[in-house]
Every structure is written in C-alpha cells, then in structure tokens.
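Participant: Below are the structure tokens for one structure; questions will follow.
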Amino acid sequence: MRDHGDVLTIGQLARYVGVSTKTVRVYHNKGLLPEPERDSSGYRRYTAHDVVELIKIRTLAEAGVPLARIRELKAAPDEIFRGAIAQIDDDLGVRIRSLRQTQRRLRELAEGATRLLPAEVDHHLQGLAELGFSARWVAMERDLWILVFATHPETAPELFKDQADALTDPDLRQLYLDYDHAHDLDPRDPFLTDLARRIVQATRQRYGPGDLPGQATDISQLVQGAVNALSPAWQQLDSLIRHDLRLSDRAGSRSSP
C-alpha cells in the first residue's frame with residue numbers, strides 16, 4: 001500500500017512536470033512509469049518519487065531517446081545508465097550544432113542572403129555588376145557555380161580561380177562582357193562570328209592547343225548546356241566557338257613537326 005505521501009492526482013502530476021495526462025497514460029502503457037492503485041475515493045495518487053521518474057522520462061524523450069530505449073535505461077545498472085546519458089549528451093550536442101547551422105541558414109534565407117557558395121565566390125559575384133555585367137549574367141553565374149560546386153566539389157575551386165583570374169585581364173574581361181551583351185542579338189548577327197573568333201584566339205593564347213581546363217568533362221557540358229538554353233544567340237555563339245576551336249586544333253596539328 002502506498003503511504004500518505006501519495007497526494008498528487010494524474011492531472012496535478014502532468015501539470016507539474018509539463019506533459020499531458022494522455023502522455024502519462026502512454027508512459028504507463030509502455031511500462032515506463034508504474035501506475036498506482038486507486039485509493040478509497042477511486043483516484044490514483046502519485047508521490048514525489050513519481051514526479052522525479054516522470055521528469056527523467058520526459059527529459060530523455062525530449063532528447064530524442066526512443067521510449068523502448070528509455071525503458072531499458074531505467075532498468076540498467078547505474079554505471080551503464082550514466083554512460084548512456086553521457087553518449088546521449090554528446091549526440092545532443094551534435095544535433096544542437098546542426099540546428100544552429102540550420103537556424104543561421106534560415107535567417108540568411110529570410111534576409112535574402114542564403115550562403116550556398118564559398119565566401120570568395122560570393123564576393124566575386126557581388127563585384128560583377130561593378131565591372132559592367134548585367135543582372136542576368138550575375139544570376140546565371142550564381143546558378144552555374146552552385147551547380148558546379150554541388151556536383152564537382154573537388155575541381156570547382158580550381159575552375160573558379162581560373163575564371164576569376166581571367167577577369168583581372170582587361171582584354172579577357174571584355175570578351176566576357178561582349179558574351180554577356182550578345183544575349184539579345186539575332187543569331188545571324190555577324191558580331192557573333194567575330195566574337196567567336198576573338199574568343200578562340202584568346203583561348204589558345206591562354207591555354208595553348210588541346211583541351212581547356214575542365215573541358216571535355218561533364219562540367220563543361222553542364223555549364224554550356226545551361227548557358228545555351230538562355231539565348232539563341234548564345235547557342236549560336238557556342239556552335240561558332242566549337243567550330244573555330246576544331247579548325248584551330250587541325251591547323252595546329254598540321255603545323256606540328
């Protein structure tokens with residue numbers, strides 16, 4: 001028989017610990033918290049010991065420990081229980097750090113400044129408008145670098161550095177600007193033919209004959225496919241560049257000893 005300390009009803013117990021009476025009954029059914037016998041008035045009365053046990057159960061449950069595991073821990077020796085609690089604490093620390101990172105990303109999302117790229121790439125993109133590039137070009141570059149860094153994280157930094165270095169050269173930067181501004185041209189505009197010739201010439205001067213860094217890979221196909229889809233003029237420009245590159249390579253092979 002329980003003693004005169006049995007003074008709490010299930011409702012009082014639940015309110016004190018901060019759970020619902022339904023939750024207490026679930027813990028009874030799962031064998032986590034013994035269910036007291038009814039007193040002479042027909043009520044089940046709980047003691048301070050029940051409060052402590054319920055707080056333990058709730059704390060472990062809020063830490064993400066499954067109820068079946070909680071039942072095992074409650075029946076375990078003190079040494080095993082303490083070791084398990086330490087491991088749960090470590091796991092919770094990892095979850096907290098992950099949640100904090102998620103919280104930072106949510107705040108960035110709310111501010112319209114989601115960090116999806118390395119800081120140096122973001123800084124580079126922010127400076128493109130000052131160099132004369134259109135908002136359309138900047139948005140395209142951002143999307144493309146997100147795809148490249150997501151699909152090829154090992155080689156993306158090298159490819160980014162190559163492009164960023166190219167923009168420090170005034171002549172190469174002008175080629176990129178001309179490419180940007182060619183977006184709305186008629187695909188038959190002779191400017192595209194001249195631009196393709198200039199791009200091939202600058203490319204061979206920068207890299208020499210053969211494949212470019214990252215070319216002949218799925219990265220090149222990914223990027224160029226996305227670019228071509230945005231403009232018929234850019235699609236035509238890509239065809240002209242590929243044609244001129246093949247001619248340049250054949251000419252170079254014939255002149256080789």
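The values are calculated or read from the model by the stated rules, or taken from the named source; none is laboratory data. The structure presented is a predicted model; accordingly, all values stated were derived computationally and were not measured. Neighbour counts are summed over all protein chains in view; Cβ atoms, including those assigned to glycine, are modelled from backbone coordinates with ideal geometry.
Participant: Report yes if some residue within segment 186-208 is at pLDDT below 75, in a loop (DSSP other than H, G, I, E, B), within 17 Å of E141 (Cα to Cα) and not aromatic (F, W, Y); otherwise report no.
Facilitator: No.
Participant: Right, here's the next one. How many residues, within segment 121-130, are at pLDDT 90 or above, surrounded by 12 or more Cβ atoms within 10 Å (Cβ to Cβ) and not small (G, A, S)?
Facilitator: Within segment 121-130, residues that are at pLDDT 90 or above, surrounded by 12 or more Cβ atoms within 10 Å (Cβ to Cβ) and not small (G, A, S) number 4.
Participant: Is one or more of the residues making up segment 147-155 touching a residue at least 40 places away in the same chain (Cβ under 8 Å), farther than 24 Å from S231 by Cβ and under 27 Å from the mean Cα position of the chain (by Cα)? Quick ask: steps written out before the conclusion?
Facilitator: In the first step, residues of segment 147-155 are kept if they are touching a residue at least 40 places away in the same chain (Cβ under 8 Å); the result is 147-148, 151-152, 155.
Right, trim to farther than 24 Å from S231 by Cβ and you get 152, 155.
Now narrow it down to the ones that are under 27 Å from the mean Cα position of the chain (by Cα): 152, 155.
For segment 147-155, residues touching a residue at least 40 places away in the same chain (Cβ under 8 Å), farther than 24 Å from S231 by Cβ and under 27 Å from the mean Cα position of the chain (by Cα): present.
Participant: From the list Q126, Q174, pick out the single residue that is more than 26 Å from Q205 (Cα to Cα) and in a helix (DSSP H, G or I). Talk me through it step by step, then tell me what you get.
Facilitator: Values: Q174 fails: more than 26 Å from Q205 (Cα to Cα).
None of the others qualify; the one that does is Q126.
Participant: Being out of contact with any Lys or Arg (no Cβ under 6 Å at 6 or more places or on another chain), among the acidic types (D, E), without any contact (Cβ under 8 Å) to a residue 12 or more places away in the chain and over 26 Å from T155 (Cα atoms) is the requirement here; does D122 meet it?
Facilitator: Details: out of contact with any Lys or Arg (no Cβ under 6 Å at 6 or more places or on another chain): yes; among the acidic types (D, E): yes; without any contact (Cβ under 8 Å) to a residue 12 or more places away in the chain: yes; over 26 Å from T155 (Cα atoms): no.
No: the conditions fail for D122.
Participant: Only residues that are more than 23 Å from A75 (Cα to Cα) and more than 41 Å from the chain's Cα centre (by Cα): list them for segment 17-44, please. Reasoning before the result, please.
Facilitator: Residues of segment 17-44 that are more than 23 Å from A75 (Cα to Cα), as a first pass: 18, 20-22, 38-44.
R38, D39, S40, S41, G42, Y43, R44, listed by residue number.
Participant: Among D184, D165, which is the only one that is over 25 Å from A233 (Cβ atoms), loosely packed, with under 15 Cβ neighbours inside 10 Å and acidic (D, E)?
Facilitator: Working: D184 fails: over 25 Å from A233 (Cβ atoms).
Of the residues listed, the single one that is over 25 Å from A233 (Cβ atoms), loosely packed, with under 15 Cβ neighbours inside 10 Å and acidic (D, E) is D165.
Participant: Quick check on this structure: which one of K30, K56, K22 is at pLDDT 95 or above and either within 23 Å of D91 (Cβ to Cβ) or in the same structural domain as I96 (by TED's automatic domain parsing) (or both)?
Facilitator: Values: K30 fails: at pLDDT 95 or above; K56 fails: at pLDDT 95 or above.
Only one candidate passes the filter, namely K22.
Participant: In segment 132-151, how many residues are at positive phi and either in a helix (DSSP H, G or I) or touching a strand residue (DSSP E or B) at 6+ places or on another chain (Cβ under 9 Å) (or both)? Before you say what the answer is, go through the steps one by one.
Facilitator: Quick first cut of segment 132-151, residues at positive phi only: 132.
Next, from what is left, pick out any that are either in a helix (DSSP H, G or I) or touching a strand residue (DSSP E or B) at 6+ places or on another chain (Cβ under 9 Å) (or both): none.
Qualifying residue count, segment 132-151: 0.
Participant: Quick one: is V200 assigned by TED's automatic domain parsing to the domain that holds A226, in contact (Cβ under 8 Å) with a residue 12 or more places away in the chain and touching an Asp or Glu at 6+ places or on another chain (Cβ under 6 Å)?
Facilitator: Values: assigned by TED's automatic domain parsing to the domain that holds A226: yes; in contact (Cβ under 8 Å) with a residue 12 or more places away in the chain: yes; touching an Asp or Glu at 6+ places or on another chain (Cβ under 6 Å): yes.
Yes.
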